[in-house]
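Here the structure comes first, spelled out in structure tokens, and everything after it is commentary.
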Amino acid sequence: MAQHNHAVTLFDVAREAGVSKSSAARVLAGRGSASPETQRRVNEAAKRLGYRPNALARATRKGASNTLAIVIPDVASPFFSAVVRGASDAAHAAGFEVLLGNTDNDPDIQTRAIDLLREKQVDGFIVAPVFEDDPESIRALVDHEIPVVLLDRRTPALADVPVVSIDHFAASRIAVEHLIDLGHRDIAIVTEAAHSLDQLLEDPGDLRLLRPSHQRLLGYLDALRAHGIPVRPELVLSSAYDAESARAAVAEAMRDRQFTALYCTDSTLTLGAYTQVVDSGVQLPNAFSFLGFDDQEWTTLVRPAVTVIDQPRYRLGAATANILIARIRGLGGVPDDLLLDASLVTRASTSRPA
């Protein structure tokens, strides 16, 4: 006989079924993959215990706060600040307040931020996760049935958690296609993912589980292949995620320049690379074409103004908040994942090869 106990939790179901909490969560949420046997055991355990669906459990939870938590790597980043503004406006329009956590891309700081925000009894989390093999703090949110929507990126350990992002692969293809259409064939790329070039060429795996930098490098590679342009590893310039590293990578490549176009895959890398170009005295686009990522304010103030891939940052934040709020309220028809399109903003820094 079913135990009609409203206090039955996900932990009870997992224990009864003899599976992990994350496996039980995936089966009961209808997301991710699980073997038929695991699905049978979890569903039968839930029925025996009288487990209530997530939406009802949340609706009957005492002390809902009408507050969302946003946990991001860098509040000073123009990208994330615009995203937070979009999320905050959408949250306020729906009657929610917002609490913000900054991780500096440090997993320990991320854990502390999430733990602190959980103590505030927030109703759900938007998280741009730090890349780590075992994100226990985020996994614990899911296992405790606290609604979570990932922002901008996903990790393999969080494959079953919904994400809102731009289509990084398609955005990069748009950038490289623009340069190819102008007649460029020797196109250099500044990327954090250069160390993974061989792996991405051989077997990239599941695109949706890759870091944004890896997805953008794949978009570059795919555009070259589609036009029969050989991949030249020496044109894949490696940079850490900071402007000085990008500047150094471009300085090295310009000593014996073998490219007619340079594409940067991130706002920070774009700034560093452009600074080096200016300091070197090179004239754009006469010497080579330059294409950056993110439509930052400075890209319209310099001369020539910079051609960029523009991410819909505000809309990205608003969409993430709206999906999270819909999950908190138990509304139907909410997508698991949402990919927004980026767009090309053509300016004077790109032209046909000299």
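The values are calculated or read from the model by the stated rules, or taken from the named source; none is laboratory data. All figures in this text were calculated on a predicted structure; none of them were measured in a lab. Every residue, glycine as well, gets a Cβ built from its backbone with ideal geometry; the counts of neighbours run over all protein chains shown.
Taken together, Leu221, Leu217 contain a single residue that is surrounded by 18 or more Cβ atoms within 10 Å (Cβ to Cβ), part of a helix (DSSP H, G or I), touching a strand residue (DSSP E or B) at 6+ places or on another chain (Cβ under 6 Å) and not hydroxyl-bearing (Ser, Thr, Tyr), which is Leu217.
Mind checking which residues of segment 299-339 are of a type in the set (Asp, Glu) and either touching a His at 6+ places or on another chain (Cβ under 6 Å) or modelled with pLDDT of 95 or more (or both)? Result: Asp310, single match. Scanning segment 194-217 for residues that are in contact (Cβ under 8 Å) with a residue 24 or more places away in the chain and either under 16 Å from Leu262 (Cα atoms) or of a type in the set (Ser, Thr, Tyr) (or both) returns Ala194, Ser213, Arg216, Leu217. Restricting Leu158, Leu99, Leu116 to those that are within 19 Å of the chain's Cα centre (by Cα) and either of a type in the set (S, T, N, Q) or on the phi < 0 side of the Ramachandran plot (or both) reduces the list to Leu158. For segment 66-100, the set of residues classified as in a loop (DSSP other than H, G, I, E, B) and touching a strand residue (DSSP E or B) at 6+ places or on another chain (Cβ under 8 Å) consists of Asn66, Pro73, Asp74, Val75, Phe96, listed by residue number. At least 1 residues being without any contact (Cβ under 8 Å) to a residue 40 or more places away in the chain is the threshold, and among the strands (runs of 3 or more DSSP E) wholly inside segment 118-176 those reaching it are 148-151.
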